[in-house]
1. Among the residues of region 254-300 satisfying the criterion of being in contact with a strand residue (DSSP E or B) (Cβ under 9 Å, 6 or more places away or on another chain) and of a type in the set (Phe, Trp, Tyr), which is modelled with the lowest pLDDT?
2. Being at pLDDT 70 or above and open to solvent by less than 40 Å² (accessible area, probe 1.4 Å) is the filter here, so list the residues in region 404-433 that pass it.
3. List the number of the failed condition for Leu126; all other conditions in (1) surrounded by fewer than 19 Cβ atoms within 10 Å (Cβ to Cβ); (2) within 28 Å of Glu206 (Cβ to Cβ) hold.
4. Considering only region 451-479, state which residues are at pLDDT 55 or above and open to solvent by 30 Å² or more (accessible area, probe 1.4 Å).
5. For region 347-403, enumerate the residues that are open to solvent by 50 Å² or more (accessible area, probe 1.4 Å) and either in a loop (DSSP other than H, G, I, E, B) or free of Cβ contacts under 8 Å to residues at least 12 places away in the same chain (or both).
6. Check whether at least one residue in region 321-332 is open to solvent by 60 Å² or more (accessible area, probe 1.4 Å) and over 23 Å from Leu380 (Cα atoms), and report yes or no.
7. Scan region 177-189 residue by residue and report those that are modelled with pLDDT under 95 and open to solvent by 30 Å² or more (accessible area, probe 1.4 Å).
8. Give the residues of region 254-268 that are crowded, with 16+ Cβ neighbours inside 10 Å and not acidic (Asp, Glu), sorted by residue number.
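The values are calculated or read from the model by the stated rules, or taken from the named source; none is laboratory data. Here the structure is a predicted model, which means the values were calculated and not measured. Every residue, glycine among them, receives a Cβ derived from its backbone with ideal geometry; neighbour counts consider all protein chains shown. When the accessible area is computed, the model is the full protein with side chains, heavy atoms only, and any ligands, DNA or RNA have been set aside. Shrake-Rupley method; radii C 1.70, N 1.55, O 1.52, S 1.80 Å.
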Amino acid sequence: MKAALCFAASKSEVILGPDLANLNMGSRNLNDPEPIYQNLIEAFDEVILNSLKPYSHPTQEIISNIFRLTPISCWDETKKRLFTLVDSECKFFHLGQLINVFPNMPHVEMEALHTVAVKASNLATLTIKYEEFYEPRNMREDLRWVIRQMRSLREMQIHSYSFTIKKLTKMCKNLHSLRFLDVKIFYQDPILFERDGNQSRRIFRENFVMSFVKLEIFKFTTLPKTKIGFIVGFDRALDFQCELTCFCSFLLPNLKEVGDPEIFVDMTPAVIDQYYISKLEFLSLSMNLPELFRFESFFKFPNVQALSIMFLNIEYFSVSDNLVPLNTLSSLKISTLCLIDLHSSSYLEFLLDVFGKNLKKLDLTLDRKKLKTFRMALILFTCPNLEELELKNLQSLDEDAVWSLQKFNKLKTLVLEVVTSYETNSAHFSDILSAPNLETLVLDGLSVRLEDLEIRKSMQSGENQSDVLKNLKKITVKFNSVADYFEEKRLLKSMRSLQLKIPPGGYSKIKIKNIPSGTLV
């Protein structure tokens with residue numbers, strides 16, 4: 001039995017069956033037979049094993065046996081089995097899998113964590129995610145104390161609780177093996193991160209470095225509330241996210257990833273002030289700032305693989321002055337490039353010329369007031385290895401998109417989001433779907449012609465069907481409504497026929513967007 005408890009650390013989340021957390025503990029009917037002891041032992045073991053395995057969940061039939069007992073007796077027996085099964089060979093523990101089964105018993109958290117801290121002396125991964133908590137709550141001191149005892153931890157992911165940065169620093173002070181940390185953090189006054197002679201801030205910096213100096217991945221999201229419930233604006237929370245991201249980049253030399261990849265923060269101050277060679281694999285920068293980048297700034301980031309740039313509206317310098325320093329990264333294999341509020345095709349041409357040959361993913365969001373569209377062929381000819389392409393906030397697809405898209409031979413994911421009120425060109429599904437390796441397709445705000453769908457329909461039949469749809473696993477389409485009701489119905493019917501071609505296990509969603517009359521041509 002214990003041999004089954006040894007698992008390598010994993011960041012994958014284990015999800016209980018949808019009805020598991022809703023079972024009614026203590027609902028035993030008087031006419032029910034007495035539970036069989038061996039079945040109960042199996043049920044207790046299933047609950048525990050589910051929390052110790054990265055990829056497993058108990059069956060409804062076995063778990064149901066537990067709930068013949070009262071809630072207190074149920075947890076008492078589960079706790080006994082937990083103490084028996086957990087040992088020094090256990091590497092993974094997901095507290096959420098127990099709390100999802102015992103959702104209204106607060107003492108379960110402390111008792112379960114304490115048992116694991118004592119028995120699993122080589123625990124490598126701790127995950128705490130509860131299904132019923134939509135908003136993280138402040139973690140109690142006793143729970144933080146128990147986690148401080150888990151000194152063998154290498155990975156920790158806590159989403160159901162939140163911390164102040166000082167309390168998080170204190171909790172992790174003795175976790176010297178920690179390499180991966182993913183948490184929610186309360187907003188605090190960013191003055192804490194100022195690098196000056198203030199004694200209290202100097203002590204905090206020293207403790208911060210002592211706690212996190214060995215971290216390789218530090219993911220965090222700032223919550224727009226303080227621990228006392230005082231609401232702060234999202235802008236201030238974003239400022240804190242930015243300050244903490246730069247603070248970590250400046251002080252933690254082993255970091256490869258920092259912050260929240262879904263939230264753009266300007267890391268320019270960290271780039272300019274960097275004084276040692278960084279291991280960061282991701283940078284996010286603002287372009288068009290009053291202060292130019294220096295050439296030497298980017299030499300200190302030799303490991304960057306993903307680059308995100310947000311373009312500000314004000315032009316302080318020319319395109320060449322702004323971007324030439326980025327040539328120092330041209331020797332790197334930057335595989336992911338994200339450009340936000342792009343307002344000039346000159347920037348796009350320059351960056352694709354420098355980085356295009358190694359790109360696997362390109363994510364473009366246009367400033368549609370200044371850049372309505374661009375030539376799709378530019379991407380085709382400069383990015384021969386592209387696998388993911390996301391184009392957002394387009395006013396229209398350029399005419400070359402029809403033939404260009406079908407020539408992206410390595411493209412697996414395509415996302416097109418067009419501003420509905422400006423779109424006048426019809427989307428050619430027959431061309432888009434002709435990309436031979438397309439697996440995921442997301443189209444939003446496109447006008448679709450019925451005759452083009454008829455072409456696509458013919459392509460789904462006969463010998464061509466395998467070429468068009470052989471790899472497609474996910475499709476999401478929001479197309480514009482048309483004036484004629486019956487034509488719209490035919491469009492929808494034809495689109496839904498595509499859903500039937502998605503292989504088992506795939507995903508498809510078709511939706512008509514209601515557009516005000518007169519906005520479409």
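1. Phe293
2. Start the filter on region 404-433 by keeping residues that are at pLDDT 70 or above, which leaves 404-419, 432-433.
If the condition is that a residue be at pLDDT 70 or above and open to solvent by less than 40 Å² (accessible area, probe 1.4 Å), then Ser404, Leu405, Phe408, Leu411, Thr413, Leu414, Val415, Leu416, Val418, Val419, Ile432, Leu433 are the ones that fit.
3. (1)
4. Those that are at pLDDT 55 or above and open to solvent by 30 Å² or more (accessible area, probe 1.4 Å): Glu451, Glu454, Lys470, Asn471, Lys473, Lys474, Lys478.
5. The answer is Lys360, Arg368, Lys369, Lys370, Lys372, Arg375, Phe381, Pro384, Glu387, Glu399.
6. Checking region 321-332: at least one residue is open to solvent by 60 Å² or more (accessible area, probe 1.4 Å) and over 23 Å from Leu380 (Cα atoms).
7. As a first pass, look at region 177-189 and keep what is modelled with pLDDT under 95: 184-189.
Matches in region 177-189: Lys184, Gln188, Asp189.
8. Across region 254-268, the qualifying residues are Leu255, Lys256, Val258, Gly259, Phe264, Val265, Met267, Thr268.
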